Structure formats: C-alpha cells, structure tokens
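Structure, as structure tokens:
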Amino acid sequence: MAVINGSSRENGNTDALTQKALDGIRYTSFYLKNYKINPIDDQRHVAGGFDKVEDDYNELISQVLQHDVLIFATPVYWYGMSGVMKNFVDRFSQSLRDEALNFKKSMSDKKAYVITVGGDHPRIKALPLIQQFQYIFDFLGTEFAGYLIGEANAPTEIFSDAVSLENALTFNKALLKHTEK
C-alpha cells in the first residue's frame with residue numbers, strides 16, 4: 001500500500017487524517033513536496049513523444065507502481081487537489097507514452113482511495129475533487145475503492161472533527177479487510 005501525499009505542510013491535517021485511517025496498516029509514504037516534479041511539457045501529440053525530463057518523477061512513479069493499493073492524500077486547495085498533486089497526476093500523460101512502464105495496464109490492476117481535508121464545507125465543496133479523481137481512475141481502469149473527506153483548516157483542527165475521525169475508523173476497517181486478503 002502506498003500513500004501519495006500532496007500536502008505542502010508536514011504533519012498537517014491531511015497527514016493526520018491519513019495516519020488515523022491507516023492506523024495499524026503497513027504502507028509506504030511518498031511526500032510529493034520532497035520530490036522535484038516538473039510541470040508537464042505537453043508533448044502527447046509530438047511524433048517522438050515526450051523528451052526526457054531531469055527530475056524525480058520517473059523514479060517516483062516506478063516506486064509507486066510497485067504497490068497494489070494507492071491512496072491519494074491531498075488537501076483541498078481552491079476546490080481541487082494541491083499543486084504538487086496536480087503536477088504528479090499531469091505527468092501520467094507522459095507515463096502513458098512510456099512503453100516500458102505499461103502504465104495503463106499497471107494502473108488497471110490497482111485499487112485507489114482518496115483522502116482529502118478542507119476547511120470550507122468540504123463534504124460538499126470537495127466533491128468536484130473526488131469526481132476528478134473518479135474520472136482519472138476511470139480513464140486508467142483503476143478501481144476507485146473509496147474516499148474520506150475531513151473538515152479542518154488550522155493545524156491540528158482535524159482532531160476536533162468527530163465525523164472525520166469516526167469515518168477514518170470505518171475507512172481503516174475496510175482497508176484492514178483488504179490487507180488480510
């Protein structure tokens with residue numbers, strides 16, 4: 001199991017809710033802010049495909065693809081995923097053209113979850129973000145197995161959101177069942 005964490009703040013609310021949801025489960029965390037991931041230079045329709053990019057994306061995506069369950073954890077930033085998460089996801093276009101990765105087939109063998117936290121009525125306003133991930137997973141053939149939305153803004157505020165903490169326990173039980181298989 002891998003957590004792709006798109007937060008720009010360590011030990012923030014998204015991270016705290018993710019840890020609560022994964023309590024007792026072995027997983028690998030990839031904090032996107034610790035990697036250099038350049039924005040995409042869209043060369044999807046160039047005959048030669050994408051130029052080689054000197055950053056950490058190729059190494060990172062190779063590591064991520066080694067996991068069967070992917071959890072995309074991102075705060076709600078301006079009603080969408082964080083910028084570092086968006087750069088990461090945008091680069092999927094490059095991975096789709098990389099024949100060595102067999103990216104779409106690899107992603108179709110995975111389960112994905114989303115954990116997100118926002119401070120402005122996120123159980124309503126984060127739904128477009130959830131829908132965006134649904135479309136991404138549909139395109140890749142990835143099973144979208146569930147999502148968790150928390151409500152918090154200032155640091156540690158997530159611990160005051162009883163609904164999110166309860167939902168994290170339910171989420172945890174579902175993930176534990178998956179890891180037992």
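The values are calculated or read from the model by the stated rules, or taken from the named source; none is laboratory data. Fair warning: this is a prediction, and the values are worked out from it, not measured in the lab. For neighbour counting, all protein chains shown are included, and Cβ atoms are generated from backbone atoms with ideal geometry for every residue, glycine included. The accessibility values were calculated without ligands, DNA or RNA, using every heavy atom of the protein model including side chains. Shrake-Rupley method; radii C 1.70, N 1.55, O 1.52, S 1.80 Å.
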Might you check whether a residue that is at pLDDT 95 or above, over 22 Å from GLU143 (Cβ atoms), touching a Pro at 6+ places or on another chain (Cβ under 7 Å) and surrounded by 15 or more Cβ atoms within 10 Å (Cβ to Cβ) occurs anywhere in segment 29-38?
no
Please specify each residue of segment 105-124 satisfying the condition of being surrounded by 15 or more Cβ atoms within 10 Å (Cβ to Cβ) and either in a helix (DSSP H, G or I) or more than 16 Å from the chain's Cα centre (by Cα) (or both).
SER106, MET107, GLY119, PRO122
Just checking, how many residues over segment 132-148 are open to solvent by 60 Å² or more (accessible area, probe 1.4 Å) and either of a type in the set (A, V, I, L, M, F, W, C) or touching a residue at least 60 places away in the same chain (Cβ under 8 Å) (or both)?
1
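Condition first: in contact with a helix residue (DSSP H, G or I) (Cβ under 8 Å, 6 or more places away or on another chain) and either loosely packed, with under 14 Cβ neighbours inside 10 Å or not aliphatic (A, V, I, L, M) (or both). Now tell me which residues in segment 88-97 satisfy that.
Taking segment 88-97 as the starting set, the residues that turn out to be in contact with a helix residue (DSSP H, G or I) (Cβ under 8 Å, 6 or more places away or on another chain) are 88-89, 91-92, 94-96.
PHE88, ARG91, PHE92, GLN94, SER95 - these are the residues of segment 88-97 that are in contact with a helix residue (DSSP H, G or I) (Cβ under 8 Å, 6 or more places away or on another chain) and either loosely packed, with under 14 Cβ neighbours inside 10 Å or not aliphatic (A, V, I, L, M) (or both).
Could you pull out the residue among LEU176, LEU165 that is outside any strand (DSSP E or B) and either surrounded by 15 or more Cβ atoms within 10 Å (Cβ to Cβ) or on the phi > 0 side of the Ramachandran plot (or both)?
Testing whether each residue is outside any strand (DSSP E or B) and either surrounded by 15 or more Cβ atoms within 10 Å (Cβ to Cβ) or on the phi > 0 side of the Ramachandran plot (or both) leaves just LEU165.
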Being small (Gly, Ala, Ser) and closer than 19 Å to GLY141 by Cβ is the requirement here; does SER95 meet it?
yes
Given the structure, is PHE72 modelled with pLDDT of 95 or more, over 26 Å from GLU10 (Cβ atoms) and either open to solvent by less than 10 Å² (accessible area, probe 1.4 Å) or β-branched (Val, Ile, Thr) (or both)?
no
